[in-house]
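The structure under discussion appears below in the form of structure tokens.
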Amino acid sequence: MRYSPLWTCYQNEAKLTEFAGWMLPAQFGGLTLEHEAVRHRAGLFDISHMGQIELQGSAVWEYLNALVPTDILHLPPGQARYTVLLNAAGGIIDDLIVYAHDREHATLIVNAACTAKNAAWLRQHLPPEVAIEPVSQALLAVQGPQATALWQTLTPDTLAGIPRFGHGTVSTPWGRVWVARTGYTGEDGWEIRAAPAVGQALWRALVAAGVTPCGLVARDVLRLEAGLHLYGQDMDETVTPLEAGLGWLVDWDKGDFLGRSALLAQKAQGVARKLVGLVGTGRRIFRPGYPVQAQGQTVGRITSGTLSLSLGRPIALAYVAVPWTPLGTSLTVQVREQALPATVVKRTFYSRRA
Amino acid sequence: MALTYPPELHYTATHEYVALTDDGAVVGITAFAVEELGDITYVELPQVGRRFNRGERLGTLESVKAVADVYAPVSGVVTAVHEALVDAPERIAGDPYGEGWLVKMQLTQPEELQELLTAAAYQAQVGG
């Protein structure tokens, strides 16, 4: 079992859970309170379990570009992109955010459970002149409509100058830290990387500034409301970006990349199933593995589901056979002994006010 | 916050409690169960008049984290159900031994009570 460098900040205040080999906070003040804080003010998450991989070397961007479907060849320093690593069959090895520092240095932030797999994959597919270094610093996420204002109280640098999916370094009373305007909640917010002692000081200062500590339970509800995929549930190596609703990540004109021919063939043939959003009535949650049915036949399965606190209704992601995927299609979800109605909707269940 | 287990109640290994009253018994779930489930989002309760054997599924609770069945801690007939919880399941968490009661039962095998756990035994089991 691994413990976050921020463990000491909350070990007596959180209900804990095991996740991807780490002991992490599941809940602090309660789901409703934490969710409300992120949607209306600001919440603080320990995301130190996420994998951090540094890639350095000349031509690092040419090599990395060949392993993802998104055109990142000319990603400017200070910017980041969401994309996926694909295998030769077009299956998703992991989803990640790639950050450009300069022409010879990229950072990848990946899923905790996939860190070792990704590092091995990169070693296998990048030439020896690209140095691959997994690092483990403290990672904090500050998310919510007041995240920028509250985080700004701790740095003299102007955060407003960093756009969504931008990143850079800023000063704090405890030293310089790396910040990115990214997140997994559907709100404006920041992810901050710091040495362990600095991360601890930042955690305490952010809590003192009024940011609400939040756990993994709230994080899962928030990301699902925002229609954000969870690797290992909503996608894995057996599905392609075209099936997973991530076709927008594929830049067909960028030139060759690993998995491109498989994706082209699938595109020509048409996908047989797609990840769709479902919304139900009542309060019962559509949980992973529950069958999705149409005309008495099973046509799909739930991959993630929760009761949306923002909408007050059950929401879910499911892989569903293609004739049943258009928006507005009426389906049922088998919730134990009951078949409950569900409607296909856009996967972005919740969008923040602009 | 320390979880409490009132000494006058009877407990099951599956986290239900029985509180004896003048005219029967009140059944609910323990503070430990509430803490484990987290915010409760859905409650399904039986109909008044239904007869249960000890150990039969009496109802279902759901939270964002989990689905939990509630089992009849003793055999009996349901004389009342706490309907208000259906629209306000969060009321269980605030007061599981009071305002959070689930059903009232008329016991048909009162001797079964002797097989339930004391507060101390239950607390030892859940590591309280």
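Strands (runs of 3 or more DSSP E) fully within the stretch A:114-191 that include at least 3 residues being open to solvent by 50 Å² or more (accessible area, probe 1.4 Å): A:131-135.
Listed here are the strands (runs of 3 or more DSSP E) enclosed by the stretch B:11-71 that have at least 2 residues being within 14 Å of chain A (Cβ to nearest Cβ) and either surrounded by 15 or more Cβ atoms within 10 Å (Cβ to Cβ) or on the phi > 0 side of the Ramachandran plot (or both): B:40-44, B:57-63, B:67-71. If the condition is being of a type in the set (Val, Ile, Thr) and within 21 Å of A:Asp102 (Cβ to Cβ), then the stretch A:147-200 contributes A:Ile162, A:Thr169, A:Val170, A:Val177, A:Val179, A:Thr182, A:Ile192. Tell me, yes or no, whether the stretch A:53-74 has at least one residue that is charged (D, E, K, R) and out of contact with any Ser or Thr (no Cβ under 8 Å at 6 or more places or on another chain). Within the stretch A:53-74 (the criterion being charged (D, E, K, R) and out of contact with any Ser or Thr (no Cβ under 8 Å at 6 or more places or on another chain)), the answer is yes, since at least one residue qualifies. Here A:Leu55, A:Leu44, A:Leu85, A:Leu75 are screened, and the one residue that is assigned to a strand (DSSP E or B), buried (at least 16 other Cβ atoms within 10 Å of the Cβ) and without any contact (Cβ under 8 Å) to a residue 40 or more places away in the chain is A:Leu85. Filtered by the rule that a residue be modelled with pLDDT of 95 or more and either within 13 Å of chain B (Cβ to nearest Cβ) or open to solvent by 10 Å² or more (accessible area, probe 1.4 Å) (or both), the stretch A:28-38 gives A:Phe28, A:Leu33, A:Glu34, A:His35, A:Glu36. If you take the residues of the stretch A:272-314 that are without any contact (Cβ under 8 Å) to a residue 12 or more places away in the chain, away from every other protein chain (no Cβ under 12 Å) and in a loop (DSSP other than H, G, I, E, B), which of them is least open to solvent (accessible area, probe 1.4 Å)? Checked the stretch A:272-314; the qualifying residue least open to solvent (accessible area, probe 1.4 Å) is A:Gly296. All told, B:Gln114 falls short of being away from chain A (no Cβ under 14 Å), polar (S, T, N, Q), touching a residue at least 24 places away in the same chain (Cβ under 8 Å) and open to solvent by 10 Å² or more (accessible area, probe 1.4 Å). Out of everything in the stretch B:74-109 that is out of contact with any helix residue (DSSP H, G or I) (no Cβ under 8 Å at 6 or more places or on another chain) and without any contact (Cβ under 8 Å) to a residue 12 or more places away in the chain, what residue ends up being farthest from B:Thr41 (Cα to Cα)? Filtering first and then ranking leaves B:Gly98. Residues that are farther than 18 Å from B:Val74 by Cα, among the hydrophobic types (A, V, I, L, M, F, W, C) and either out of contact with any strand residue (DSSP E or B) (no Cβ under 9 Å at 6 or more places or on another chain) or modelled with pLDDT of 95 or more (or both) within the stretch B:93-123 comprise just one, B:Ala120.
Of all residues being open to solvent by 10 Å² or more (accessible area, probe 1.4 Å) and either among the β-branched types (Val, Ile, Thr) or out of contact with any strand residue (DSSP E or B) (no Cβ under 9 Å at 6 or more places or on another chain) (or both) in the stretch A:88-113, which is nearest to A:Arg181 (Cα to Cα)? Just the residue, please. Per the criteria, the residue is A:Ile97. Count of the stretch A:315-344 residues, restricted to those that are open to solvent by 40 Å² or more (accessible area, probe 1.4 Å) and touching a strand residue (DSSP E or B) at 6+ places or on another chain (Cβ under 7 Å), is 11.
The values are calculated or read from the model by the stated rules, or taken from the named source; none is laboratory data. Computed from a predicted model, the values in this text were never measured in an experiment. Note: ideal-geometry Cβ built from the backbone for every residue, glycine included; neighbour counts use all protein chains shown. Heads up: the accessible areas ignore ligands, DNA and RNA and are worked out on the full protein's heavy atoms, side chains in. Shrake-Rupley method; radii C 1.70, N 1.55, O 1.52, S 1.80 Å.
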